[in-house]
Amino acid sequence: MDVRAHIEAHRDEFVATLSQWLAIPSISADPAHHDDVRRSAQWLADHFTQTGFPTVEIWETPGMPAVFAEWPAADPEAPTVLVYGHHDVQPVDPVDAWHTDPFTPTVRGDQLVGRGASDDKGQILFHTLGLRANLAVSGADAPPVTLKFLIEGEEESGSPHFADLLTRHRARLACDVIVISDTTMWSADTPSMCMGMRGLTDCQIDVYGPRTDLHSGSFGGAVPNPARALAALLAGLHDAHGRVAIPGFYDDVVEASQAERDTIAQLPFDEAAWLANAGSDATVGEAGYSILERVWLRPTAEINGMWSGYIGEGSKTIVPRSAHAKLSFRLVPNQEPARIQELVRRYVHDNLPPGVRADVRFSGAGVRPCASDLDSVAVRAARDAMAKAFGTKVYSTREGGSGPEADLADILGAPLVFVAVGLNSDRIHAPNEKVEIPLLLKGAETVAYLWDSYATVLRSGDRA
């Protein structure tokens, strides 16, 4: 029996096992479900043990626990691969928008519906199915590479303790390559590999003027208006070509290679359908870049909300005492959140008119961007394994969202490779989340081939 046949033969068992895990409401953001997150960690630890991993541990943090598993290769010189994912899930609100109970997994044809089906429990579990297929076909007692898994329990809450966890266990997590299975493909019939994720930092700007709201007839036009000052700050965020106008904002940006831009251009992108999905009839953005390049390869500054003065029914003619806005900045490789925070504060300070003051408060340290090398040995091997499983060309994409992957790469000193089979249509974070069962099986097939490939190509010494 070959790898594909073995995986197909165990499809029903795989779906039943995944459904058991999906039934655990491991919502890390909700304290009422923290015991469920711990149950989820224990379930996964038991599953790793049943799969055959000789080392399985639950690693505590000040928040929710992570699960670590390790299975050494028979050959002590074999490369080491670390697989990252997360076992916590998003809240399910609004519950009444679900067609079925979010924690009663339901099979509908080739789809499995339930919270966490795609993000990220399904994409973790295809790894153990793929490993079992690899071992069954080879007849080996151990994988061809040393496999380590680190599955965290707080990704959906911003991974607040993840960097410390990585630092504390750096020696145990040492590896030659990190495989991420927490992203999406272009479509079911156009498989792709993510080549990077943008970083993120966000803030609130509070602008203050007079000590109290003032009568606009008595004071308007003669005292500074903080709403006007804030409007000018926000209007100045971009120039006429759609570029962020904060001085120094692009100083550290690493431009994407022409090869990556070319492969993105080959994707079957339907602008009209994209606009319809966005509910918009026009596009904006940085001149000289396509829509996909703008949301994947370029940094942004977005106004997420703004408010000031009186916004109730009728009129109240005042000069407001304060004005407020929330901003977010998506970052690309080499842009450090701390540096961007410094530049934003300086921009606000340097552009305030006399008579107003401003506080700029960032919500945290931010998330750093990450990227893979399109031409690295590890990426090429993963692309080949995926192409073998899917029987077609594999494209390259990036993702506009953000995660803790940069911490993984920097703290562990290993390159990232994204191997995932989720879809944007999986309704991740939304009601009625689902996953395509045939794609999970393709994911399992991919890693079954990939571990054999890595055992060979990563021995050369060029393990990037």
(request) Just one of (1) surrounded by 13 or more Cβ atoms within 10 Å (Cβ to Cβ); (2) at negative phi trips up Gly52, so point out which. (result) (2)
(message) Are there strands (runs of 3 or more DSSP E) fully within segment 144-209 with at least 1 residues that are under 27 Å from Val435 (Cβ atoms), open to solvent by 10 Å² or more (accessible area, probe 1.4 Å) and not hydrophobic (A, V, I, L, M, F, W, C)? List them.
(response) 146-152
(message) Every residue in segment 218-239 that is of a type outside the set (A, V, I, L, M), open to solvent by 60 Å² or more (accessible area, probe 1.4 Å) and over 33 Å from the mean Cα position of the chain (by Cα), please.
(response) Ser218, Phe219, Gly221, Arg228
(message) Under 6 Å between Cβ atoms, which residue pairs at least 6 apart in sequence (or on different chains) link something in segment 376-399 that is within 17 Å of Val83 (Cβ to Cβ) with a partner that is in a helix (DSSP H, G or I) and among the aliphatic types (A, V, I, L, M)?
(response) Ala381/Val457; Ala382/Leu450; Ala385/Leu450
(request) Scan segment 279-323 residue by residue and report those that are among the small types (Gly, Ala, Ser) and either farther than 28 Å from Leu374 by Cβ or touching a Lys or Arg at 6+ places or on another chain (Cβ under 6 Å) (or both). (result) Gly279, Ser280, Ala282, Gly285, Gly305, Ser308, Gly309, Gly312, Gly314, Ser315, Ser322, Ala323
(message) Testing Leu129 on (1) in contact with a Ser or Thr (Cβ under 6 Å, 6 or more places away or on another chain); (2) open to solvent by less than 30 Å² (accessible area, probe 1.4 Å), one condition comes back false. Which one is that?
(response) (1)
(message) So, Ala420, is that one under 23 Å from Lys442 (Cα atoms), touching a Gly at 6+ places or on another chain (Cβ under 8 Å) and buried (at least 19 other Cβ atoms within 10 Å of the Cβ) or not?
(response) yes
(request) Examine segment 389-397 for a residue that is open to solvent by less than 30 Å² (accessible area, probe 1.4 Å), more than 22 Å from Leu267 (Cβ to Cβ) and β-branched (Val, Ile, Thr), and state whether such a residue exists. (result) no
(request) For Glu342, work out the one condition from (1) at pLDDT 95 or above; (2) in a helix (DSSP H, G or I); (3) over 29 Å from Arg211 (Cα atoms) it doesn't fulfil. (result) (3)
(message) Please pick out the residue among Ala371, Ala325 that is open to solvent by less than 20 Å² (accessible area, probe 1.4 Å) and among the small types (Gly, Ala, Ser).
(response) Ala325
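The values are calculated or read from the model by the stated rules, or taken from the named source; none is laboratory data. Keep in mind the model is a prediction, meaning the values are calculated, not measured. Positions of Cβ are generated from backbone atoms using ideal geometry, with glycine treated the same way; all protein chains shown enter the neighbour counts. Accessible surface is based on the protein model in full, side chains and every heavy atom, while ligands, DNA and RNA are left aside. Shrake-Rupley method; radii C 1.70, N 1.55, O 1.52, S 1.80 Å.
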